[in-house]
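For reference, the structure discussed in these notes is given below.
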Amino acid sequence: MLEVTNLHARVVDVEDGEILKGLNLTIKPGEIHAIMGPNGSGKSTFANVLAGRIDYEVTDGDIKFEGESILETPADERAHKGIFLAFQYPAEIPGVRPWQFMKAALDAKHESSGEKKLSVREFSKLFDSKVAEVKINPDLMKRSLNEGFSGGEKKRNEMLQLAILEPKLAVLDETDSGLDVDAMRIVADAVNGLRSPDRSFILVTHYNRLLNHIKPDVVHVLANGQLVETGGPELAVEVEREGYKRFLEEHVPANA
C-alpha cells in the first residue's frame, strides 16, 4: 500500500532545515505500524510529509501509495485517494460546525471517486450513528469545529472523522497526547473497529501506552531522521523501559 524510499525532507525556507535523512518504510494493506522516537527525531515531519503539507519539501527519495508516486500530488488529492492525517494539535475552525465540515469532506471524497453523494438525510443518519459510536458528546456537535473542545474531545472528534471517511491509510500523529484513560480507550476502540484487510494505520507516538490498547504489527524507532530499528510489539516495551539512549548512540549522523 505504502512504499517510502530514501526519503529526505526539510522545512521550507529554513537553512539547514533537513529533518528526514533517508527514511525507508513499506506498509502492506491491513497492517498497523507504530513509529516511536524522541522529540526532534522527525516523527511529526514524516506524518506531515505523507499528508502533503506545503510547509515541508521533499529533497530526495519517493513516496508511492498503491504503486503510484504521490510526491507531486497536492494534499487534498492525497486525502481523496484515501490518506488521512489526525493532527497532533487539531485546529479550531470558527463558524463551521462538525456536521457541515464532514458533509463537505465526504462529498468531496465521493465526487473525486465518482460515487454518488449522500443526501442530507442519509448523511445525517450516518453522522448521528458515528457520533454515538465514538461516544462524543452530541452537544459538542452544535459548536464550531473544535471550538472550546478539550484536548481529549478534539481527539475524539478526529476519530469521528476517521469513522466517517473510512480512509485506506490513516496516519495518527501523537493521537494519545494529553488523553486520559477513558479517551485513550475510545481512540483505541475506533482504530480497532476500523481494522480491515484493506486499511492500514501509522501510529506516531512517544509512549507504549497507546500500544497497550492497539496491538501493532510492526514497531519502528525513528532517530536522527531515519528508521533505525524495526521489530514487533516487544520493541515498544523496550523503549518504554529503557528510553531512546541506545538508538541515539548507535546511530549518530555521519556529519555529527
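Confirm whether G17 is small (G, A, S) and touching a residue at least 12 places away in the same chain (Cβ under 8 Å). Against the criterion (small (G, A, S) and touching a residue at least 12 places away in the same chain (Cβ under 8 Å)), G17 does not qualify.
Confirm whether F87 is surrounded by 17 or more Cβ atoms within 10 Å (Cβ to Cβ) and at pLDDT 95 or above. Talk me through it step by step, then tell me what you get.
Working: surrounded by 17 or more Cβ atoms within 10 Å (Cβ to Cβ): yes; at pLDDT 95 or above: no.
Here the answer is no, as F87 does not meet what is asked.
Determine if region 91-106 includes at least one residue that is assigned to a helix (DSSP H, G or I), of a type outside the set (S, T, Y), loosely packed, with under 14 Cβ neighbours inside 10 Å and more than 17 Å from the chain's Cα centre (by Cα). Yes: one or more hits.
Annotation: of all residues in region 41-74 being in a helix (DSSP H, G or I) and touching a helix residue (DSSP H, G or I) at 6+ places or on another chain (Cβ under 9 Å), the one that is surrounded by the most Cβ atoms within 10 Å (Cβ to Cβ) is L50. Every test in (1) surrounded by fewer than 18 Cβ atoms within 10 Å (Cβ to Cβ); (2) at positive phi is passed by G225 save one, and that test is (1).
Candidates are the residues of region 2-40 that are among the charged types (D, E, K, R) and part of a loop (DSSP other than H, G, I, E, B); the one that is surrounded by the most Cβ atoms within 10 Å (Cβ to Cβ) is E31. Sort out which residues of region 211-252 are touching a Phe, Trp or Tyr at 6+ places or on another chain (Cβ under 7 Å) and of a type in the set (D, E), and write them in order of number. The answer is E229, E240. Cβ-Cβ contacts under 6 Å between residues 6 or more apart (or on different chains), taken from a first residue in region 227-256 that is under 11 Å from M36 (Cα atoms) and modelled with pLDDT of 85 or more to a second residue that is assigned to a helix (DSSP H, G or I) and not charged (D, E, K, R), are listed as V228/F247; A236/L211.
The values are calculated or read from the model by the stated rules, or taken from the named source; none is laboratory data. Quantities reported herein were computed from a predicted structural model and do not represent experimental measurements. Positions of Cβ are backbone-derived with ideal geometry, glycine not excepted, and every protein chain shown enters the neighbour counts.
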